[in-house]
1. Which ones in the stretch 597-618 are small (Gly, Ala, Ser) and more than 20 Å from residue 365 (Cβ to Cβ)?
2. Where residues in the stretch 59-96 are without any contact (Cβ under 8 Å) to a residue 40 or more places away in the chain and charged (D, E, K, R), which of them is least open to solvent (accessible area, probe 1.4 Å)?
3. Would you be able to tell me the number of residues in the stretch 191-205 that are within 20 Å of residue 270 (Cα to Cα) and either polar (S, T, N, Q) or within 29 Å of the chain's Cα centre (by Cα) (or both)?
4. Is it the case that residue 569 is outside any loop (DSSP other than H, G, I, E, B), open to solvent by 10 Å² or more (accessible area, probe 1.4 Å), of a type in the set (Lys, Arg) and touching a residue at least 60 places away in the same chain (Cβ under 8 Å)?
5. Examine the stretch 390-405 for a residue that is open to solvent by less than 10 Å² (accessible area, probe 1.4 Å), among the hydrophobic types (A, V, I, L, M, F, W, C), part of a helix (DSSP H, G or I) and modelled with pLDDT of 95 or more, and state whether such a residue exists.
6. Check the stretch 48-62 and report whether any residue there is basic (Lys, Arg) and farther than 30 Å from residue 107 by Cα.
7. Scan 497, 524, 547 and give me the residue that is within 24 Å of residue 159 (Cβ to Cβ), at pLDDT 95 or above and not in a helix (DSSP H, G or I).
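The values are calculated or read from the model by the stated rules, or taken from the named source; none is laboratory data. Please read these numbers as outputs of a predicted model, since none were measured by experiment. Ideal geometry is used to build each Cβ from the backbone, glycine not excepted, and the neighbour counts take in all protein chains shown. Remember, those area values only see protein heavy atoms, side chains included, never the ligands or the DNA or RNA. Shrake-Rupley method; radii C 1.70, N 1.55, O 1.52, S 1.80 Å.
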Amino acid sequence: MNRESYRQRTALDWTVGHAAEAQAEPETFVPATVPGAVQLDWAKAQGWPDYWLGQEPRRYGWMEDEYWTYRAPLDPPAVGEGQRLVLVIGGVDYEFDVLLNGEALCSQEGMFRPVELDLTGRARQGDELRIRVHPAPKREGAKLGRWQADSCCKPAVSYGWDWHPRLVPLGIWQEAYWEVRPDPHLADLEVRYELSDDLDRAELEIHWALNRRERAVLAWELHDPDGQGVLSGEQTLDGRSGSIAASLHAPRLWWPNEQGPQDLYTLHARLLDAKGQALDAASHRVGFRRVRLVMNEGAWKRSAQMPPVTRAFAPMTLEINGRAIFAKGTNWVNPEIFPGTISDKTYQPLLQLAREAHFNLLRCWGGAIVNKESFFDLCDEMGLMVWQEFPLSCNSYPDDAHYLGILDAESRSIIRRGRRHASVAIWCGGNELFNAWSGMTDQSLPLRLLNRNCYDLDPRTPFLATSPLYGVGHGDYRFRRGDDGKEVYEIFGQSRWIAYTEFGCPGPSPADYIRTFIPAEELWPPREGTSWEAHHAFKAWAPADSWLFLSTLEHYFGPSDDLETLCARGQWLQCEGYRFIYEEARRQKMHCSMALNWCYNEPWPTAANNSLVNWPAKARPAYEAVKDACRLVLASAAVTKFSWRPGESFATQLWMLNDAPTAQPGGTVRAVLELAGQRREVGQWRFDALPANTNAAGPEVRFELPADAADEAFTLHLEVSGRPECNSAYRLRMRA
């Protein structure tokens, strides 16, 4: 809900200090940035190096166990007749108390609910406002790591993950300010709607709420995406809340990226007094779309037998406005370690890259934060659907009353905010909750609670208990498995999941990037116990050499002599691995309906991992490979392995992949081998016109690799006559 110029905001001047006990006075206060994090304020005051250099995060460990007190001397803005003075605190991470001159005004556990305190007549010049932030929550007796967060709604990622250091943020992470508001004023404004079966009519409900019971008039007007008024009205309000019904004929629909336009309407509303004078105003954007999760192609086959058996798979095909689409996307994680530093300037370049990669779905992973409002606004505009998980991940969350009470309040706030956005397409209880390391089931009270809240507050948006569900794939996360030697080509070529909602292919970051955060004396060779390990190249995950996987690189190439060579080799594997997985998932549609890699971005610089974009928004070579594999229409080769021998028989099946909402003309695909600077055609396929959103499987192409080939790279090119934008290339390894 956007506001117009009927309100006045004033910032506060904050300092922050810490103490070991709640009632103890901090010995020192330092300047504080709000929104931000106490760790960053303290580090800046002490002159510490940037937290992302080397092994700097170790310096911050003690901070998570302190009480941190923000204080601000008050010089509140003047409040005239018919106005109210409200303290707005958008969010505090994680548990906190608000005090005025030492008197407690409120206490709260949970970072996703804003606090608004009407202090008209109570706050005076010279008073002191304090926000006391409690130590990071940790379940007593839990071992170090994510398990310490298994009884709270604080995102577990900051307790340490295979791509995130142990660094637990605390502090005011959303805006906090004074706001002078008219009295009465609009406390809420929202458009909810129901589309007719033929999508040709939207039945609207304009929900409004006032800060107090008042007889007033609400004048409203709905503007179409071009800014033209299409509906309007006035209604006398009598009470504190209510709704206004209206109908819109032939609404312009909101579509995901590359499936149609992202049309957004805007409701403008003004609150008028008895004389027709404007008291307050607000606006709300709305995108009209219908989203459903439906069963995948063939998913009922097993349960059609007699005697009856239940379904084998969950519904995992996204149907938008009646059209089943293939969901191409990624897993989105915190773009920063400290959420308070995130702004629209953080989100914009990352989301623009996602859109340009032809993505249409972002799975916002349950171990991370629920993003700020500007994230959802940008996703609305760019056609990036959001699979939003609640802050539960890889833990067994309890059925006890205290936790359920916090989860209830936090989730309701999250749902009310998310349901306003056309981009929010799926609600999900959390990440990997039905796995052995979590042990939850659909009978666990937290998940029953979340399902209920989503139904009560946003019944038309699909809900999933967790991911993965039966039939949905998480992993693998390696180019080559060490136990059986299988590559991604075999692992995914033989898989038949209905959705790949996590998969990875690791690789090192570019050499120049690595040099910016690993000290020169530790740079070469990569080894355990150094900044390489701190930045996830070693012991990040079960295999000791993850995520760098020196053993895999040496299997294909032998030892590397320098950093540039090592990074180039690892990126080559990552590019081709990711290219194959995305294309293979698409070749399996619509039995398979989603391909979402793990993961898209990262919150700080990593030496090696599965991401497509280095922090803060630097596209890796693998990003370009994935972008290429996710084009709406392309020729595709079902490559069977990475490394080949001279004289070996090369075989691959040809495909045309079409995710476009329109039919595509037929044509010819030429398969061309490029080796040692020479090109030769090795096969052709004449394909017929492709119906909308439909693939075509072609013939197998076979040819003999030259027996005298040297140890080098070779490339298989697929060239589509008259349509170079559909051409594809696969760079593989020749080992003489």
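1. Scanning the stretch 597-618 gives a single hit, 607.
2. Step by step, filter the stretch 59-96, then rank; the result is 59.
3. Final tally of qualifying residues: 2.
4. Considered against the rule, which asks whether it is outside any loop (DSSP other than H, G, I, E, B), open to solvent by 10 Å² or more (accessible area, probe 1.4 Å), of a type in the set (Lys, Arg) and touching a residue at least 60 places away in the same chain (Cβ under 8 Å), residue 569 comes out as no.
5. no
6. yes
7. Sole residue among the options that is within 24 Å of residue 159 (Cβ to Cβ), at pLDDT 95 or above and not in a helix (DSSP H, G or I): 547.
Yes/no matrix, rows are residues, columns are (1) in a loop (DSSP other than H, G, I, E, B); (2) at pLDDT below 95; (3) open to solvent by 30 Å² or more (accessible area, probe 1.4 Å); (4) in contact with a strand residue (DSSP E or B) (Cβ under 8 Å, 6 or more places away or on another chain):
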| site | (1), (2), (3), (4) |
| --- | --- |
| 701 | no, no, no, yes |
| 708 | yes, yes, yes, no |
| 715 | no, no, no, yes |
| 731 | no, no, yes, yes |
